[in-house]
Amino acid sequence: MKIVYLLGNGFDINIGMDTRYSDFYKFYNNVSTSNEKIKKLKNSIREYMRKKENNEEITTEEVNWSDLELALGKYCKEFNNIEDFEEVYNDLVDNLGEYIEGEENLYDFALQDKTKLQRDLLTPHHFLTETDGEFITNYFRSMKEQWHVSICTFNYTRSVERLLGYNEGQVSLFANMHNYSSFLQDIQHVHGYTNSRMILGVNDESQVDNMELLKNRYFKQDIIKSECNKAQKTLHVKKCENMINSAHIICLYGLSIGDTDNIWWQKIAEAMARNGSKLLIFYHSTKITSARRSHKRQQVEDEVVENFLSKSNLSDEKKQAIRPNIFVSINSNIFNFKLKKLPQEKVG
């Protein structure tokens with residue numbers, strides 16, 4: 001049995017880290033600069049934050065910084081040449097890395113009990129509805145072999161590694177939990193780390209509002225994620241693809257299934273169409289705020305499934321074929337634990 005998890009920023013947020021874009025913007029706007037181009041970028045972010053706080057409308061002509069990567073693609077219209085872009089882009093990425101690294105260093109990972117995390121990784125079906133959970137349980141029972149868990153994280157932090165004690169080698173999870181030994185096989189970082197090969201950008205050229213700069217291949221290697229990965233000449237993307245292609249169960253957690261990572265939703269859908277693998281999407285919804293309104297669950301599930309399928313390149317026939325293999329868990333308590341902060345004197 002092979003399970004692969006794709007983890008997004010919702011994982012770090014859920015365990016207590018302040019890694020939302022809005023958290024970073026507050027930090028970034030307080031970093032002084034004499035560069036006029038960087039000042040202009042920050043003014044755009046400040047205006048967005050002001051309007052959001054005051055519930056003012058953000059027009060289609062304005063840059064909506066609710067999604068940093070999509071907003072950056074649109075903001076590219078402000079640059080006349082690659083030199084101006086790289087001045088601003090490098091400052092943004094450097095400060096984002098500094099902020100997230102500083103946030104990560106506030107927490108004590110060593111003393112965190114990893115029991116719940118380990119159990120949750122091996123029992124994602126426990127967080128589905130009863131009928132869906134029964135279906136996946138029966139599917140699990142048909143797999144009479146060792147359990148291998150792999151993780152593709154879209155985060156720059158090393159929170160998962162630090163929680164699980166992973167260091168470039170197989171980690172034993174709970175023995176005999178499913179009557180077979182279980183292992184954490186691998187952790188790969190799709191977008192790099194806070195201090196190494198950070199990737200911040202968009203999915204493709206259609207998300208960049210500057211046709212002139214797109215003629216420059218070095219600009220594309222900065223702003224388009226797949227181009228950046230190719231330029232780095234590492235194997236982490238191939239390893240993540242192999243995880244997805246060989247998985248029996250694919251789990252998405254803490255990810256918005258947004259447009260700037262379309263290439264990955266397409267890879268997952270293609271693997272499902274080929275192999276019959278099952279997809280579990282763990283989704284946080286503000287529409288279901290009370291157990292009294294659980295009848296809304298099906299509506300939300302349908303919206304999540306439709307959003308995922310809309311990001312695939314599959315034919316309508318293949319979309320319908322994989323639809324029964326997509327399961328949605330809404331507002332579950334999987335990975336629901338909080339990190340403790342280090343004493344102030346130990347920070348840094």
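The values are calculated or read from the model by the stated rules, or taken from the named source; none is laboratory data. Being a predicted model, the structure only gives us computed values, none of them experimental. As a convention, Cβ positions derive from the backbone with ideal geometry for all residues, glycine included, and neighbour counts pool all protein chains shown. Surface areas here come from the heavy atoms of the whole protein model, side chains and all, with no ligands, DNA or RNA. Shrake-Rupley method; radii C 1.70, N 1.55, O 1.52, S 1.80 Å.
Considering only the other residues whose Cβ falls under 12 Å of the Cβ of S66, what net charge follows from Lys and Arg at +1 and Asp and Glu at -1?
Every neighbour counted, the sum reads +1.
Once both labels are modelled 7 Å past Cα along the beta-carbon direction, what's the E101-T131 spacing in nm?
Calculated label separation equals 5.1 nm.
Which net charge results for the neighbourhood of Y5, defined as the other residues with beta-carbon distances under 12 angstrom from its beta-carbon, given Lys and Arg at +1 and Asp and Glu at -1?
Within the 12 Å Cβ shell, the charges total -1.
Add -39500 (n - 2.57) for each DSSP H run of 4 or more in the chain, then divide by its residues: what number comes out at 222 nm, to the nearest 500 deg cm²/dmol?
That calculation yields -13000 deg cm²/dmol at 222 nm.
Leaving out ligands and nucleic acids, and using a 1.4 Å probe, what accessible area per residue does segment 1-74 come to in Å²?
49
Got a sec? Charge dipole of the chain, +1 on Cβ for Lys and Arg, -1 for Asp and Glu; which of Y28, L121, N167 is way out at the positive end?
It is L121.
Just want to confirm a number: the relative contact order over segment 76-164, from Cα pairs under 8 angstrom separated by 6+ residues, in percent.
40
State which entries of K287/K311; K2/K318; K51/K215 exceed 29 angstrom in Cα-Cα distance in the structure shown.
Among K287/K311; K2/K318; K51/K215, the Cα-Cα distance tops 29 Å for K51/K215.
Using DSSP, restrict attention to beta bridges with both residues in the chain and report what percent are antiparallel, rounded to the nearest 5.
Just about 15 percent of them are antiparallel.
Considering the options I45, G102, Q112, tell which one lies farthest towards the positive end of the dipole of segment 1-116, charges being +1 on Lys and Arg and -1 on Asp and Glu at the Cβ, about the Cα centre.
Q112
With a probe of 1.4 Å, find how much accessible area segment 205-297 has per residue, and write the answer as a whole number in Å².
51
7 Å from Cα along Cα→Cβ at both Q344 and N167: what's the point-to-point distance in nm?
Label-label distance for Q344 and N167, simple model: 3.2 nm.
Computed from the coordinates I sent, Rg and Dmax of the Cα atoms in Å equals one of (i) 19.9, 56; (ii) 20.9, 63; (iii) 21.9, 87. Tell me the label.
Among (i) 19.9, 56; (ii) 20.9, 63; (iii) 21.9, 87, the one calculated here is (ii).
Leaving out ligands, DNA and RNA, and with a 1.4 Å probe, what % of the accessible surface on the chain is carbon or sulfur?
It is 45 percent, rounded to a whole number.
Under 10 Å, Cα contacts only: if you run a Gaussian network model on the chain, which one of T33, T19, T137 comes out with the highest mean-square fluctuation?
Its mean-square fluctuation being the largest, the pick is T33.
With the cut-off at 22 Å, tell me which of the pairs K114/K341; K74/K220; K37/K220; K42/K340 have Cα atoms farther apart than that.
Over 22 Å Cα-Cα: K42/K340.
Using 0.36 nm per residue of separation minus the Cα-Cα distance, give me the extension gain between E86 and K287 in nm, one decimal.
Length gained, E86 through K287: 68.3 nm.
If the chain between S206 and K39 were fully stretched, how many nm would it gain, using 0.36 nm times the residue separation less the Cα-Cα distance?
So the chain would gain 57.5 nm between S206 and K39.
What FRET efficiency comes out for the pair D302/N54, r = Cβ-Cβ distance, R0 = 30 Å, nearest 0.05?
0.35
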